[in-house]
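K.L.:
The structure is given below, and queries will be raised subsequently.
The values are calculated or read from the model by the stated rules, or taken from the named source; none is laboratory data. In this text the structure is predicted, and so the values were computed from the model without any measurement. Cβ atoms come from the backbone with ideal geometry, glycine included; neighbour counts cover every protein chain shown. In case anyone asks, the SASA skips ligands and DNA or RNA and just uses the protein heavy atoms, side chains included. Shrake-Rupley method; radii C 1.70, N 1.55, O 1.52, S 1.80 Å.
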Amino acid sequence: MSINVKELETKSEWKEFVFLPEKIHKNHSNWLHPLYMDDKKFFDKDRNPSFKNNKAKLFLAFNDQQVVGRIMGIIPTKYNEGKEVKCARFSYMECYEDKEVFDALLKAVTDWALALDCQELIGPMGFSDKEPQGFVTKGFEEPTMFVTNCTYRYMKEFIEENQFNSFVKLHEYEVPIDEQIKTRYEKFIERVSRNQQVRLLEFKKGKQVKPYVSGVFELINKTYQEIYGFTEVTEAERDEFANRFLPLLNPKLIKIIVDQHDKVVAFVIAMPDLSEGIRKARGRVYPVGWIHLLKSFRTSKRLVLLLGGVDPAMQNKGLDAILAESLFKSAIELGFKTMDSHLIMKDNKKMIAEIERLEGHRLCKEYTIYKKRIG
């Protein structure tokens, strides 16, 4: 077998890159299609602002004329400059159970990174921490949530055989939503509200949220500095992220706290789990996929925690309790039964402890980002 890895050159190769995963995961019951409307924009260098702020290459692996694998190489320019490191990343890696193909894809990104003076290769990791990251290393039998990776067990085996070491571990929890989870926080609310000059904002319409989007991203840039892989969100990236996700959000599941100057000091954003609708639509919104998504949006009983943050100057003052009580109250009223924590760094002891204090929590998946010295 002769494996040839090449950078994308044609529109048809770009299309092969986008749709290859659904061929590889054809018989993978837990795999979830991406929303192809988003992917087509994300992998387009002219439409995704992240390509302008970083170096990136898309590669396909061929066995004769058949496409058998893909990988994306990224050099996070701003992150490297800020941290004074020389790292490259690989991401969006897919291949059949063939180590020769896997190795060839890794080598292509490694050679490209070395030519640009990089000293280490990290992945799976995209432009930012807001993209799918890590190979699944526990919970292979669990269903896949939106914006997370779904990988076969052999991907873990192949990367470790290439002498990549575990670098960052991420945990995903499932927590039941019932009255006990809400009442856990109620005792804090009156005291916090009385002692802090803050105001909780709740919303019924998306247009009510828009004036606070900039403040939310300013707080994200301020509070996410210690999360591995995070780089400040630019104005263009903020607009892209807001346009991508706001239409999928129920404003009743967005909670924001502002101070006396109307400045955002804390927030939490959750959304219904749309995986059942995405699966039925096979990732295609048009012509009729939107019907499945809309039904999932209205009937899902699983809540997905997307983002949250508290201004460092306001931490340990109970604002997180106000957010939690309000979010869970709305979730119960909307009929949600469980919550998915999304991905939490294993080293985030405070957040992990908060989740594990909740009755009935269950660690359902672990993802691992790997690292190897190449320079």
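K.L.:
crowded, with 16+ Cβ neighbours inside 10 Å and more than 21 Å from Arg244 (Cα to Cα): does that describe Phe59?
P.N.:
yes
K.L.:
Residues of the stretch 21-56 being surrounded by 17 or more Cβ atoms within 10 Å (Cβ to Cβ) and hydroxyl-bearing (Ser, Thr, Tyr), which ones?
P.N.:
Of everything in the stretch 21-56, those that are surrounded by 17 or more Cβ atoms within 10 Å (Cβ to Cβ) and hydroxyl-bearing (Ser, Thr, Tyr) turn out to be Tyr36, Ser50.
K.L.:
Just a yes or no: is a residue in the stretch 324-334 under 20 Å from the mean Cα position of the chain (by Cα) and closer than 30 Å to Glu218 by Cα? Quick ask: steps written out before the conclusion?
P.N.:
Filtering the stretch 324-334 down to residues under 20 Å from the mean Cα position of the chain (by Cα) leaves none.
Checked against the condition, which is being under 20 Å from the mean Cα position of the chain (by Cα) and closer than 30 Å to Glu218 by Cα, the stretch 324-334 yields no hits at all.
K.L.:
Hey, any hits in the stretch 257-266 for a residue that's surrounded by 20 or more Cβ atoms within 10 Å (Cβ to Cβ), under 21 Å from the mean Cα position of the chain (by Cα) and in contact (Cβ under 8 Å) with a residue 24 or more places away in the chain?
P.N.:
So the first thing to find is which residues in the stretch 257-266 are surrounded by 20 or more Cβ atoms within 10 Å (Cβ to Cβ), and the list is 257, 264-266.
Narrowing the set further to residues that are under 21 Å from the mean Cα position of the chain (by Cα) leaves 266.
Within this subset, residues satisfying the condition of being in contact (Cβ under 8 Å) with a residue 24 or more places away in the chain are 266.
Within the stretch 257-266 (the criterion being surrounded by 20 or more Cβ atoms within 10 Å (Cβ to Cβ), under 21 Å from the mean Cα position of the chain (by Cα) and in contact (Cβ under 8 Å) with a residue 24 or more places away in the chain), the answer is yes, since at least one residue qualifies.
K.L.:
Those residues that are closer than 30 Å to Lys78 by Cα and either in contact (Cβ under 8 Å) with a residue 12 or more places away in the chain or surrounded by 15 or more Cβ atoms within 10 Å (Cβ to Cβ) (or both), I need them from the stretch 1-19; list them, please. Lay out the reasoning, then the answer.
P.N.:
Of the residues in the stretch 1-19, the ones closer than 30 Å to Lys78 by Cα are 5-11, 13-19.
Residues satisfying the conditions are Val5, Lys6, Glu7, Leu8, Glu13, Trp14, Glu16, Phe17, Val18, Phe19.
K.L.:
Between a first residue in the stretch 52-67 that is in contact (Cβ under 8 Å) with a residue 24 or more places away in the chain and a second residue that is open to solvent by 100 Å² or more (accessible area, probe 1.4 Å) and assigned to a strand (DSSP E or B), which pairs have beta carbons less than 8 Å apart while being 6 or more apart in sequence or on different chains?
P.N.:
As it stands, the answer is none, since no pair meets every condition given.
K.L.:
From the set of residues in the stretch 295-332 that are open to solvent by less than 60 Å² (accessible area, probe 1.4 Å) and free of Cβ contacts under 8 Å to residues at least 40 places away in the same chain, which is nearest to Val213 (Cα to Cα)?
P.N.:
Here the residue is Leu305.
K.L.:
Oh, and also: Could you list all residues from the stretch 65-102 that are open to solvent by less than 50 Å² (accessible area, probe 1.4 Å), more than 24 Å from Asp39 (Cα to Cα) and not hydrophobic (A, V, I, L, M, F, W, C)? Before the answer, list the steps.
P.N.:
First, pick out the residues of the stretch 65-102 that are open to solvent by less than 50 Å² (accessible area, probe 1.4 Å): 67-77, 79-80, 87-95, 98, 101-102.
Still in the list and also more than 24 Å from Asp39 (Cα to Cα): 80, 87, 98.
Matches in the stretch 65-102: Asn80, Asp98.
K.L.:
Does Phe217 satisfy the criteria of being assigned to a helix (DSSP H, G or I) and within 20 Å of Ala331 (Cα to Cα)? If you could, list the steps in order and put the result at the bottom.
P.N.:
Working: assigned to a helix (DSSP H, G or I): yes; within 20 Å of Ala331 (Cα to Cα): no.
So Phe217 does not fit the description; no.
K.L.:
Let me ask something additional. Restrict the check to the stretch 87-97 and report whether at least one residue is under 27 Å from Ser2 (Cα atoms), modelled with pLDDT of 95 or more and over 23 Å from the mean Cα position of the chain (by Cα).
P.N.:
The initial filter retains those residues of the stretch 87-97 that are under 27 Å from Ser2 (Cα atoms), namely 88-97.
From what's left, modelled with pLDDT of 95 or more: 88-97.
After this cut, where a residue has to be over 23 Å from the mean Cα position of the chain (by Cα) as well, the list is 96-97.
Yes, the stretch 87-97 contains a residue that is under 27 Å from Ser2 (Cα atoms), modelled with pLDDT of 95 or more and over 23 Å from the mean Cα position of the chain (by Cα).
K.L.:
Can you find a residue that is closer than 27 Å to Ser300 by Cα, among the hydrophobic types (A, V, I, L, M, F, W, C) and open to solvent by less than 30 Å² (accessible area, probe 1.4 Å) anywhere in the stretch 222-239?
P.N.:
no
K.L.:
Residues in the stretch 129-158 that are part of a loop (DSSP other than H, G, I, E, B), among the β-branched types (Val, Ile, Thr) and modelled with pLDDT of 95 or more: how many?
P.N.:
Filtering the stretch 129-158 down to residues part of a loop (DSSP other than H, G, I, E, B) leaves 129-134, 139-152.
Imposing the further condition that a residue be among the β-branched types (Val, Ile, Thr) reduces the set to 144, 147-148, 151.
Narrowing further to those that are modelled with pLDDT of 95 or more: 151.
Number of matching residues: 1.
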